[in-house]
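Before any comments, here is the structure.
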Amino acid sequence: MFVNSASTFVSDAVRGLIASTGDIAWHADPGFLTRREPLPAGQVALLSGGGSGHEPMHAGFIGAGMLAGVCPGLIFTSPNALQVHRASRAVSVGGGVVHIVKNYTGDVMNFRIARELLHEDGIESDFVLVDDDVATERADGDGPGRRGTAATVVVEKICGAAAERGDSMEQVVEIGRRVAANARSMAVALQPSVLPGSTEFSFDLPDGEIEIGIGIHGERGTTRVPKMSAQDIVAALAQPVVDSLGLERGESVIAFVNGLGATHPMELHLLYGELAELLADKGIDIARPLVGSLVTALNMGGASITLVRIDDEMLELWDATTTAPAWPNALAKEAPTLGARERFGPSFAPSDSDSSQDRFVSSWIASWVERVLAEEPALTELDRRAGDGDFGTNMVSALEQLDLASIRETYSAQTVFEAVSEAYLGHAGGTSGALFGIWFRQFYTCLESVDLESITAAARGGLDTITDLGGARIGDKTMVDAIAPAVEALEAATDLEKGLRDAAAAATAGAQATEQLTANRGRASYVGDAARGVVDPGALVMAWFFEAASEAR
């Protein structure tokens, strides 16, 4: 693929997008896109976003009648909470802000944090959650639920039209949730994706086989079968969608055949022909077709099928005009001047300090950061085997922002933790960005003095916040498996030195125990037993955190 540098791939692509469209502006700090012209006063502002690599979703759908703004994360990684918060403030014009959120843990978490911050600002906000992927639908209702995939653009189109005609925030949310509740999708890969700067596929797929039930972040599917005809593939994708929706003869749908990035338009039209025939045989009417690569998985060879049960109001909004450049028949009117190269993210200024407590924390965190950065390839490989392979790069995206010399020499203990928290919230994105950012923020807010009581309180507060946000518990194969036993060890300790040693040992044992677990939370949960035999990288990094504390003391 065409790349200058893997680390600048997203910002380089955004630079070209802005130069080739007429009504999209880039805000580099902390990184979001909006319409150049503000909305009319009092209109509902629609904001979406997610990991980059799904283009033209979401950036290509900014325009009158669709989105007011978009927050792009790193490749296959959710935007961070600061991006979403500041973008929401930028697009707000008094009518409230509605977030369109795909059902992935990182997206849900970061958009939720942003709405809490908006509440503090006095800005009304609400959300529509898109969860259309039947591949991750479970009858027992356990786990993270259906992923948000191609139906997202249908929700964005219909909600955007509702906002444009002057509906209230409550009305926009109601119809958005109605669309999401009546939308289901299923996808297939003929060839996995390759991330910028990588030479390996996101998962292994032998010649002569295809992967049914894949996700849009490079995840493997739920079923691997020998290659089959397009007609049989359409049946394998469409039937679970029809069943999940409970579609019956005489009902009407929007039928969307979507390419995943490396699929030719002729192939997509072939698939649509097969889908139209299959639905006609079932007596299901296609009220509106949509064919194209609108929700991609970077350069994956494959396609998805989305069906949306519709009513008259949805159809009216679907047909409404939009100026969004990537929506079919919406074209740019001019070519703005090419801007300068920019990378996005907040900056951070150090503060001076020289106490023994500060030196302990500085040594602790600096050595931990250096270890995580050095182990990035190993962390990435662990996540590639058990998830989607972005954990190591997320760690680097955050921690490489830190000035280690200043951490070791001039930062106070609180400033160290504030800097690390800001680095995660402002640069990492994804589930890890939110969870690690909130974890370190607890240390920043609780650590007025560096003693056993304060460190224990910070760790307990961090654990409670993480479990509240993500819902993970011990045994779910997440960072909680390392943190929870460490917190228990700290709470049982009577002095700091022994408490840190016991916490390090407990965290290490907890992390190693994840090797034989099946994940119930996070993206590793999507691959089920395939994650067995792999230590959870988040738990491992938290074990290193407590080990570094013990060694620094």
Open item on the list: What are the ³J(HN,Hα) couplings of segment 545-553, residue after residue, when phi is run through the Karplus curve with 6.51, -1.76, 1.60 and θ = phi - 60°? Round to Hz, x for glycine and proline.
Closed with: 4, 6, 4, 4, 5, 5, 6, 5, 6
Open item on the list: I'd like the projected area of segment 126-266, averaged over all directions, using the convex hull of its alpha carbons. Report it in nm² with one decimal.
Closed with: 11.3 nm²
- [ ] Using only alpha carbon positions, build the gyration tensor of the chain, then give the equivalent ellipsoid semi-axes as the square roots of 5 times its eigenvalues, largest first, whole angstrom.
- [x] 40, 27, 21
Task: Mean ellipticity per residue at 222 nm, deg cm²/dmol - from DSSP H runs of n ≥ 4 across the chain, formula -39500 (n - 2.57) - done: -14500 deg cm²/dmol
Task: Antiparallel DSSP beta bridges within the chain, percent to nearest 5 - done: 55 percent
Task: At most 14 other Cβ within 10 Å, DSSP loop - trypsin sites (Lys or Arg not before Pro), segment 14-117 - done: Arg36
- [ ] Can you check what the net charge comes to around Lys227, using other residues whose Cβ is under 14 Å from the Cβ of Lys227 (Lys, Arg +1; Asp, Glu -1)?
- [x] -4
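Using the alpha carbons of segment 356-552, what is the convex hull volume per residue in cubic angstrom, as a whole number?
92 Å³
Tell me, what is the FRET efficiency for Asp121 and Phe2 to the nearest 0.05, using R0 = 56 angstrom and their Cβ-Cβ distance as r?
0.90
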Task: Under 5 Å, built H, 5+ apart or other chain: amide partners of Gly261 - done: Ala297, Gly302
Open item on the list: At a threshold of 8 angstrom on Cα-Cα distance, excluding pairs fewer than six apart, so keeping six or more, what relative contact order does the chain reach in percent?
Closed with: 15 percent
Open item on the list: Cross-link candidates for Lys102: which lysines have Cα within less than 22 Å, leaving aside residues fewer than 8 places away along the same chain?
Closed with: Lys157
Task: 3J(HN,Hα) from dihedral phi, segment 264-275, Karplus parametrisation 6.51/-1.76/1.60, rounded to Hz, x for glycine, proline - done: 6, x, 4, 5, 5, 5, 4, 5, 4, x, 5, 5
TODO: Going by C-beta contacts inside 10 Å, put Thr199, Thr322 in order with the fewest on the left.
DONE: Thr199, Thr322
TODO: Name the long-range amide H neighbours of Gly49: under 5 Å, sequence gap of 5 or more, or other chain; modelled H, no Pro or chain starts.
DONE: Cys71
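Please give the per residue volume of the convex hull enclosing the alpha carbon atoms of segment 406-451, rounded to a whole number of Å³.
With only Cα atoms used, segment 406-451 gives 67 Å³ per residue.
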Open item on the list: Whole angstrom only: what separates the Cα centroid of segment 1-74 from the Cα centroid of segment 402-470?
Closed with: 30 Å
- [ ] Would you order Thr152, Thr494 from fewest to most other beta-carbon atoms within 10 Å of each residue's own beta-carbon?
- [x] Thr494, Thr152
TODO: With 5 Å bins from zero, work out the P(r) of segment 401-489 over every alpha carbon pair and list the percent per bin.
DONE: 3, 15, 22, 23, 20, 12, 4, 1
TODO: Name the long-range amide H neighbours of Gly389: under 5 Å, sequence gap of 5 or more, or other chain; modelled H, no Pro or chain starts.
DONE: Arg384
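Could you compute the FRET efficiency for Asp311 and Leu373, with r as their C-beta to C-beta distance and R0 at 56 Å, rounded to 0.05?
0.60
Give a quick list of chymotrypsin sites (Phe, Trp or Tyr not before Pro) in segment 1-45 that DSSP marks as loop, anything other than H, G, I, E or B, with at most 16 other Cβ atoms within 10 Å.
When the chymotrypsin sites (Phe, Trp or Tyr not before Pro) of segment 1-45 are filtered for loop state and at most 16 Cβ neighbours within 10 Å, Phe2 remain.
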Open item on the list: At a 10 Å Cβ-Cβ cut-off, how would you order His27, His119, fewest neighbours first?
Closed with: His119, His27
Task: For segment 391-400, 3J(HN,Hα) per residue [Karplus equation, 6.51 cos²θ - 1.76 cosθ + 1.60, θ = phi - 60°, Hz, x = Gly/Pro] - done: 5, x, 5, 5, 4, 5, 4, 7, 6, 6
- [ ] Might you report the magnitude of the Cβ-based charge dipole of the chain about its Cα centre, with Lys and Arg at +1 and Asp and Glu at -1, to the nearest 20 debye?
- [x] 700 debye
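Each reported figure results from applying straightforward, stated rules to the coordinates on display, with no laboratory input. Given the structure is predicted, the values throughout are model-derived calculations rather than measurements. Neighbour counts run over all protein chains shown; Cβ positions are idealised from the backbone, glycine included.
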